[in-house]
Every structure is written in C-alpha cells, then in structure tokens.
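K.L.:
Below is the structure I would like to discuss, written out as structure tokens.
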Amino acid sequence: MTSFGALPLLDLSPGDERDGSVASRVARASAQRGPVIHARVPSGLLAGRCACLVGRDALEFAYGDGRGMLSSALGWRPLIGRRFGSAVLNSDEPAHRRERRAWAPAFATSALEQSIAPIEAIVARDIDRWVAARRVDAYAVARNFAFTVVATVAAGLPDDARVDELGRQFAQALAPPAGDGDVVANHAAAIPLRNAIESTLAAHVGALHPDGRQSGVPALLLRNDPSIDRAKLLEHLNILLVAGHETTATLLAWALLLLASHPHWRARLAQEAASLPRAGEVTLEALGRLRELDAFLAEVGRLHPPLVHAPRIALRDFVYAGVRIDAGTTIALGIGATHRLDAHYADPDRFRPERFLGADGSHGAAMQSPLFTFGRGARLCLGMRFASVTMKLALARLLQRASPLPVAPVECVHAGFWNARPRGTLAIAMAPLT
C-alpha cells in the first residue's frame, strides 16, 4: 500500500489553467501512474495538494460505492461560498437523496414536454438578437440565454428586467478574479452582489403560497411540503440557479465556437435541423431524432465538460487502487482527464463527434463510453435532460436562421482547475441565411 503523499507530485501551475492544459496533463500523468494522481491545485481557496481520481473505474467508484466517503458539501463550499446554501448539487447523504426525490417531478418527461414552448419563446427572442448583432461573444450570449431559461422556466421567476439584472449579478458574483487576482478579495467584493441577489430571491420565495399555481421548483417544493422553511427554500432556489445555468452556459458557448470552427459539422447539423417542426409543434420525440446534434453535444461535453474536476473532501481514511488517502484530503474527480484517456477514446484530443454515431447514424457504441459530463449514478445531474432540450432547441433554431462563423483566432481558455467556464472572449459572427 502506498500513501497518497508519497506519490510523485504533478505540479500544475496557473499557466496550465490559463492555457487550458490541466485536463490533458492530468490524463497523461494518469496513463503513466494509474488512477490516483497527486497534483497541486494551482489557485483559489482550495489551492494546494489534492488527490485526482481519474478513469472510468475511479469515477464510478467516486459516484457509486465510494460516495459516502467523499463530501460534496465540503468540496463545493470554498468554490461557491456558504451563502448560496446547500441543495442537491452540494449536499451529502441522506439529505441529497431526499432532495433529489423532491426535485425529480420538475424534470420528469411530462414536465419537460411542457417546458418546450416557453423555452422556444426565449430561443426565438434571443436568436433574433444574436443575428441582429452579427457578431457576439458566445459565452456572454450563452450565459444570458441559459440564465433566463433556468430562472423563468425551471425556477418560476417572471421573465422581466429583474431576471436580466439577476443574471448580471450572478455572472459577476461567480466570476473568477481577473488575471492572478486574490480569490479571497474577489469573494469579499462579491458580498454586495450576494446581498442584492438574496433580496430579490427572498422576495420571490416569500410570495409563494402552498396552494398557489406558481410554476418552478421552489413552488413545487412548497406545495409538496408546506412546512418547509423559507430560508431552506431560498437555498434550493440559489443552487438551482447556480447549477442550472452554469452547466448549460458553458456547454452552449463551446458548442457555438465549435460550430463556427468546423464547417463540415455546421453543414451536417444545419441539414438535420431543417427537419425540426415549427414552433408549437416540437416534442421530445422530435428532439430525440436529432441524433447528429446529440453526438455533437456529447463530443463538446467530452472535450469541454463544465466541470474539469468535481470537488470533494475525504470524510475518512480510505484506500483506492492500493493508495491510502487520509480524511480531510481534497479530492478532485478528474472528469476532463478521464475524457482524454487513450484507454477510453481513440485520438482523445481531437474533436470527432462521429465517435458517438454508429455506421447507420444511430447512437454508436461510444455513447456507452465513460462520459461523465453530467456526473453518474446517484449523482447524475437531475437537470441533464432539461439542459439537453434547451441546447438542442437553441442550436437547431439558430442553424435554421444563421451560420455561426469564426471571427479571428480565439484567445480564450478555461477559467481554472475546477471548471471549463471560458475566460476571455469567444467571438463569433452570425451570418444570416438568405
């Protein structure tokens, strides 16, 4: 048995974060050393040594049999702070299991079918703006769009100027420090933003009634449990907004950039998008027939998972793959590195959506590969299908209206060790179709 601390150190630097090479470096180290990598988190409140778990078996252990040894609540706390509270994303058992059951009806098939029309309305409005602008920052527009969808359709907030302001406040509160700025000072600077966010969301929660007809997850939770504490309901709303829009915004931004960068796939997906029924007639079944778009998004999520590493803290001593890891150790679930292992994917650093298609255009065998973009098992993202509906509607309707085109070489990388949020400008042009 080997102690985690005795393993050779992979000394990652802020430069590795800036140039987006963290996942590839961890993957290469894992290919040589095995599924447990002793690495250095370069920056942030979790800066220092951590144990990266890499590979299908390691992540299935972390999301499955080993999840009781790893605290999601403690792992996420330094990254999003205490004031956002805890619910589903960053709660541990048994609360996590209970909260998943409470949220689940909001993301059931019947609820998703009902969500298509309001999402379509936001898609139409935003795509009009993108095309009219002719040139956009893919991440900025994706984030605004994703926040509006989650806030209004999933959370039940009114689609008005308050949601636009909330989106700006969340973007600023969650943004990493500029350059090599002090992360502690950055958190302190966000306090006024958090106060403003909390005031708006508390007012929304306070206006809900157990016997009301309001839509959204908070209203659902209150109807099903009228005794739920309003402060706890506020935590649910906070986490829904954070987790719900960050994932979709990141994936959609990279999807737009890759559409602009790969004309062959842009043409293929435009041809497929032409088959999508007009607004008011789209169903989940119709969206499910966009299989090439499914493969494209799967490959986007493989190369640019919203979480490069998922944060955990070891709750007790345990042994994995012959390595002893002590209680209190920072654990990084190596999603990005797992997706770049030669053992799992041929030519893993290349963008090849066809790996997710069979010869007949059906979902290929790679769809059963170790894809952890949305987690796995008991920690599978509840909103995965909601995010898929949102992104597929946005991309298909966009391709019916315009072609995303590259503007210039993009100088934009991941924001850090933990996530794939772009830092910089993802500039693309929108060429209207004649």
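K.L.:
Given (1) surrounded by fewer than 16 Cβ atoms within 10 Å (Cβ to Cβ); (2) farther than 21 Å from residue 42 by Cβ, where does residue 344 come up short, assuming only one miss?
P.N.:
Of the numbered conditions (1) surrounded by fewer than 16 Cβ atoms within 10 Å (Cβ to Cβ); (2) farther than 21 Å from residue 42 by Cβ, the odd one out for residue 344 is (1).
K.L.:
Give just the number: which of (1) under 30 Å from residue 260 (Cα atoms); (2) surrounded by fewer than 18 Cβ atoms within 10 Å (Cβ to Cβ) does residue 105 not satisfy?
P.N.:
Checking residue 105 against (1) under 30 Å from residue 260 (Cα atoms); (2) surrounded by fewer than 18 Cβ atoms within 10 Å (Cβ to Cβ), the one that fails is (1).
K.L.:
Moving on to the next point. Given the conditions (1) touching a residue at least 24 places away in the same chain (Cβ under 8 Å); (2) within 26 Å of residue 73 (Cα to Cα); (3) of a type outside the set (Ser, Thr, Tyr); (4) open to solvent by less than 30 Å² (accessible area, probe 1.4 Å), report the number of the one that residue 177 does not fulfil.
P.N.:
Result: residue 177 fails condition (1) only.
K.L.:
Open to solvent by 10 Å² or more (accessible area, probe 1.4 Å), at pLDDT below 95 and closer than 27 Å to residue 26 by Cα - does that describe any residue in the range 285-303?
P.N.:
yes
K.L.:
Looking only at residues that are within 13 Å of the chain's Cα centre (by Cα) and outside any loop (DSSP other than H, G, I, E, B) in the range 304-321, which one is modelled with the highest pLDDT?
P.N.:
Here the answer is 310.
K.L.:
Can we say residue 249 is of a type in the set (A, V, I, L, M, F, W, C), at pLDDT below 95 and in a helix (DSSP H, G or I)?
P.N.:
no
K.L.:
Is it the case that some residue within the range 326-341 is of a type in the set (D, E, K, R), at pLDDT below 95, open to solvent by 10 Å² or more (accessible area, probe 1.4 Å) and not in a helix (DSSP H, G or I)?
P.N.:
Taking every residue of the range 326-341 in turn, none turns out to be of a type in the set (D, E, K, R), at pLDDT below 95, open to solvent by 10 Å² or more (accessible area, probe 1.4 Å) and not in a helix (DSSP H, G or I).
K.L.:
Please determine whether any residue of the range 274-290 is assigned to a loop (DSSP other than H, G, I, E, B), in contact with a Ser or Thr (Cβ under 7 Å, 6 or more places away or on another chain) and among the hydrophobic types (A, V, I, L, M, F, W, C).
P.N.:
The answer is no; no qualifying residue exists.
K.L.:
Could you check, for the range 34-56, whether at least one of its residues is surrounded by fewer than 16 Cβ atoms within 10 Å (Cβ to Cβ), in a helix (DSSP H, G or I) and of a type outside the set (Ser, Thr, Tyr)?
P.N.:
no
K.L.:
Let me ask something additional. May I ask you to say which residue of 82, 97 is within 27 Å of residue 201 (Cα to Cα), outside any loop (DSSP other than H, G, I, E, B) and either open to solvent by 30 Å² or more (accessible area, probe 1.4 Å) or modelled with pLDDT under 95 (or both)?
P.N.:
None of the others qualify; the one that does is 97.
K.L.:
Let me ask something additional. Can you report the number of residues in the range 151-187 which are among the β-branched types (Val, Ile, Thr) and closer than 28 Å to residue 385 by Cβ?
P.N.:
3
K.L.:
Tally the residues that are open to solvent by 50 Å² or more (accessible area, probe 1.4 Å), out of contact with any helix residue (DSSP H, G or I) (no Cβ under 6 Å at 6 or more places or on another chain) and at pLDDT 95 or above, restricting the search to the range 386-425.
P.N.:
Selection size over the range 386-425: 0.
The values are calculated or read from the model by the stated rules, or taken from the named source; none is laboratory data. Bear in mind the structure is a predicted one, so any value in this text is a computation, not a measurement. Glycine also receives a Cβ, built like all others from the backbone with ideal geometry; neighbour counts cover every protein chain displayed. Heavy atoms of the whole protein, side chains included, go into the accessibility calculation; ligands, DNA and RNA do not. Shrake-Rupley method; radii C 1.70, N 1.55, O 1.52, S 1.80 Å.
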